[in-house]
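Enquirer: Dumping the structure here so I can ask a few things about it.
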Protein chains: 2
Amino acid sequence: MNTHSPPQQAIHHFSEALPEQHYRVVRLMRARGVMSRGDLAQQLGMSRATVTGLVKDLIDRGILQEIAGGRATGGRRARFLDFNPDFATVLGVDMGATSVDIALANFRGDVLARHNEPIDVRDGPEPVLGRVVEIAQSLIARVPGSGEALRSIGIGVPGPVDFANGTLNVPPIMPGWERYPIRPKIQETFPHTTVVVDNDVNIMALGELRAGAGKGVDHFVFVKVGTGIGAGIVVGGEIYRGSTGSAGDIGHIQADRNGPVCHCGNIGCLEAMASGSALARQAMDAAQSGRSPILAQYLASGVSPLTAEHVGAAASAGDQTAMELIMTSGTLIGGVLAGVVNFFNPSLILIGGGVAQIGTQFLATIRRGVLSRSLPLSTQHLRIDYSPMGEDAGVTGAVALALEHIFVGSL
Amino acid sequence: MNTHSPPQQAIHHFSEALPEQHYRVVRLMRARGVMSRGDLAQQLGMSRATVTGLVKDLIDRGILQEIAGGRATGGRRARFLDFNPDFATVLGVDMGATSVDIALANFRGDVLARHNEPIDVRDGPEPVLGRVVEIAQSLIARVPGSGEALRSIGIGVPGPVDFANGTLNVPPIMPGWERYPIRPKIQETFPHTTVVVDNDVNIMALGELRAGAGKGVDHFVFVKVGTGIGAGIVVGGEIYRGSTGSAGDIGHIQADRNGPVCHCGNIGCLEAMASGSALARQAMDAAQSGRSPILAQYLASGVSPLTAEHVGAAASAGDQTAMELIMTSGTLIGGVLAGVVNFFNPSLILIGGGVAQIGTQFLATIRRGVLSRSLPLSTQHLRIDYSPMGEDAGVTGAVALALEHIFVGSL
């Protein structure tokens, strides 16, 4: 399965080409939401007349529509522009290691139908993507006309992505997926749609950027603490992927030079010491050694294997060892994020992923870890919070990814 | 002296407003250098006719000029566009903690006159900036007409900068400079020039970006190892300053949790363990304790205090302890940069600053430190090199900074 290497295929293959200036209007509105013609002229550095012409054309094409504004200016009601919801539909797929969440949305990003269920990516690409396609078809069947209007599909996958090719690079927990041609596989069922594949943490960051706590924030970091640990980076209001698409791989920054060996072969990686799987392993140890009476109870009652969630439950129930495990994890993550803050100087760090639900003490120790190790100049305007979108960030971002690839700018 | 807080003054105060599309042409040419009309049309997504009109106007204004191209296409010689060198002059000032380097350049960035000499920023802003102005005046006196043509001045300073205000924030080694109004002070002598102040490491990165090894590189990091340690970050071909202007402060990332206390109050900061001043301190220790015979010899011969340069000289002369000091410094820097590589995924890291001249072993251990701790996906296309511009990066970047602020885009 590791020998797939399809010819490189541009991601915009089926995207509609818009003249460059029209495209700039569409792109800006994706970032900013509802705007007036005056806002557009100012932001794009175009004359009011140019914008009026472009907007008329975009309305004629069915891409934009006028909506009534709330503010009356000089007796006249300001008219605002929004995307025409009926112009197209898209699919957003948030694929985790153990579950998939799929949404069908209109051109404005409103979710029309949604479904999630457990999967196991280790089953390999054929059965997993087969199931994704089935779910997508059932969602489309629930919304009349949505199949004909389908223009693009955004997919988040739990591993490093070659964004140009839409394939996974050396996915550590996904045997069989390396360089598997995801895009053509999906296009067998949905021909003439643009399929865009990105890393799951990047789409979570994109979800927060477009519709969550990251809206209007120039530079921020979304940290997913789940089975592994990774970060999505936003620079200047756009996802930053780095030179080879592996930016944000904070799970393999060294947290402790005397730490355990990571599955990557290095020593003391953050992921090996503070992720959900590390917590699960530490929980089994604590239960078996008797250090944690409550975790030992869970194990005795037949719960196995223990997970990060059990650590959270035990800590809530007053288990001292479980609380220490959470605080150690938070402190290590905070220490690595302190370095990120010194280097990157973001104004916001959002913590998401399954382990973010382990309790408020986790966030508190992360914050403490960052603040104790960063310079005041970098932290005076820094917010560190749990992702308010929670489990919705991924699928929201996958829909946003799809929406952003319906068009491509041209001359 | 710490109570200065002048009203905020926009950096473009004296910059000439160019219509937005003209401005986009100028900006792109600053980034790319000599271009044809066809290149401009393609890169800007404008029609050939639009570009031809804009270029004609820019030539009429004296901003651009046509130059003969080398390649003949279809029998015709391609005509290329360049900046008109005579349109304006600028000054670039690279102020270090102990020296200043000032260049007078034409609108194309060619250096017309240059001078550097030792200074001590601890003398405070009035005498230091007074001397900068004197040097600038003497350079201008050497080039007839350059004073009348002077449009902007770019200044790099060795501390964290509030870029919008052109002032220093809490400069650890610069008493008296905090929030000192540098811009108005310079404008007393050079009224109607735009004065732009930036961090010294940012201007070094800008120098490499515009005229050095960073030319055409999208994402890279310039690391200055001198008295302190800091980084200039380039994202998408532009200097990245972060949310509050403190991005790149890698000197205060923890390199060893059991390390010494840093002047910032934290423990085991990279700067406290691996900078030029750390090496100097370690050299004194090694000389006084007798661990390093050659450094002890230097000290006995009256050299005091020992510096990082002496460590380099001792290592070259075969001193084992001096070599170990260099390798420990390189390993610590490499370890911190490994984290930067995992997070930021640059394709290039340039090492500059005074300590970069300590020998090739230093670079070798930095490289080893990065490669041993980063994932292959992040390092397969990563180059780590000494800055080839060396001492010229700062002043070249200061000139580039000045050139980029002659104009401002408008509607």
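Please treat every number below as a calculation from the coordinates, not as lab data. Being a predicted model, the structure only gives us computed values, none of them experimental. Note that each Cβ is placed from the backbone with ideal geometry, even for glycine, and that neighbours are counted across all protein chains shown.
Enquirer: Using only C-alpha atoms and all pairs of different ones, pull out the Kirkwood radius for the protein assembly as shown in Å with one decimal. Display every interim value, and only then the final one.
Expert: Working: mean 1/r = 0.0346 Å⁻¹.
Hydrodynamic radius (Kirkwood, Cα pairs) of the protein assembly as shown is 28.9 Å.
Enquirer: While we're looking at this one, here's another question. Report, in whole Å, the centroid distance computed from the Cα atoms of region A:341-411 and region B:95-143.
Expert: Their Cα centres are 43 Å away from one another.
Enquirer: Evaluate the distance, in nm, between pseudo-label points positioned 7 Å from the Cα of residue B:34 and of residue A:17 along their respective Cα→Cβ axes.
Expert: Here the answer is 3.1 nm between the modelled labels.
Enquirer: A further question on this structure: Across the protein assembly as shown, how many lysine pairs, 8 or more apart or on two chains, come within less than 28 Å at their alpha-carbon atoms? Walk me through the numbers on the way to the answer.
Expert: Working: A:56/A:215; A:185/A:224; A:215/A:224; B:56/B:215; B:185/B:224; B:215/B:224.
Value for the protein assembly as shown: 6.
Enquirer: Fully extended, how many nm does the chain gain between residue B:304 and residue B:170 (0.36 nm per residue separation, minus their Cα-Cα distance)?
Expert: Values: separation 134, 0.36 × 134 = 48.24 nm, distance 2.96 nm.
Result: 45.3 nm gained on full extension.
Enquirer: Something else: Under a 5 Å amide H to amide H cut-off, with H placed in plane at 1.01 Å, what residues pair with residue B:161 once short-range neighbours are removed?
Expert: Residues meeting the criterion, in which the H sits 1.01 Å from N, are B:169, B:199.
Enquirer: Under a crude label model (7 Å from the Cα following the beta-carbon direction), how far is residue B:126 from residue A:111 in nanometres?
Expert: 6.5
Enquirer: Run the helix sum for the protein assembly as shown: -39,500 (n - 2.57) per DSSP H stretch of 4+ residues, divided by residue count, reported at 222 nm to the nearest 500 deg cm²/dmol.
Expert: Here the helix-only value at 222 nm equals -12000 deg cm²/dmol.
Enquirer: Only bridges whose two residues both fall in the protein assembly as shown count here: according to DSSP, what percent of them are antiparallel, nearest 5? Numbers along the way, then the final one.
Expert: Details: 72 of 124 bridges.
Given both bridge residues lie in the protein assembly as shown, the antiparallel proportion sits at roughly 60 percent.
Enquirer: OK, next. If you plug each phi of region A:106-122 into the Karplus form 6.51 cos²θ - 1.76 cosθ + 1.60 with θ = phi - 60°, what whole-Hz ³J(HN,Hα) values come out, in order, with x for Gly and Pro?
Expert: Going residue by residue, I get 8, 5, 8, x, 6, 6, 9, 7, 8, 8, 9, 7, x, 9, 9, 4, 5 Hz, with x marking Gly and Pro.
Enquirer: Here is a further query. Given that compact globular proteins tend to follow 2.2 N^0.38 Å, what is the ratio of the alpha-carbon Rg of region B:124-214 to that value? Provide the component values of the computation, followed by the final result.
Expert: Values: Rg = 13.9 Å, N = 91, 2.2 N^0.38 = 12.2 Å.
For region B:124-214, the normalised Cα radius of gyration is 1.14.
Enquirer: Now for a separate question. Scan around residue B:384 for amide H atoms under 5 Å from its own, H built in the peptide plane at 1.01 Å from N, and keep only partners 5 or more places away or cross-chain.
Expert: The list, which skips near neighbours in sequence, is B:349.
Enquirer: Rg(Cα) of region B:284-411 divided by 2.2 N^0.38 Å?
Expert: Numbers: Rg = 19.0 Å, N = 128, 2.2 N^0.38 = 13.9 Å.
Cα-based Rg divided by the globular estimate yields 1.36.
Enquirer: Only bridges with both residues in chain B count here: give the DSSP antiparallel percent, nearest 5.
Expert: Values: 36 of 62 bridges.
Of the beta bridges lying entirely in chain B, close to 60 percent run antiparallel.
Enquirer: Taking each full run of DSSP H in chain B as one helix, which ones are at least 24 Å long along their axis (Cα atoms) and have mean Kyte-Doolittle hydropathy of at least 0.0?
Expert: On the way: long enough: B:125-142 (25 Å, 0.49); B:320-344 (35 Å, 1.24).
Within chain B the helices that satisfy the rule are B:125-142, B:320-344.
Enquirer: May I ask for the percentage of alpha-carbon pairs in chain B that lie more than 33 Å from each other?
Expert: On the way: 31919 of 84255 pairs.
That tail contains 38 percent of the Cα-Cα pairs.
Enquirer: On to the next question. Over region A:305-411, what relative contact order in percent results from Cα pairs under 8 Å that are six or more residues apart?
Expert: Details: 105 pairs, mean separation 31.6, N = 107.
After rounding, I find 30 percent.
Enquirer: Can I ask one more? For peptide A:373-381, compute the average count of partner chain beta-carbon atoms within 10 Å of each residue's beta-carbon.
Expert: Numbers: counts 8, 6, 11, 5, 10, 9, 2, 4, 2.
Per residue, the number of nearby Cβ atoms from other chains is 6 on average.
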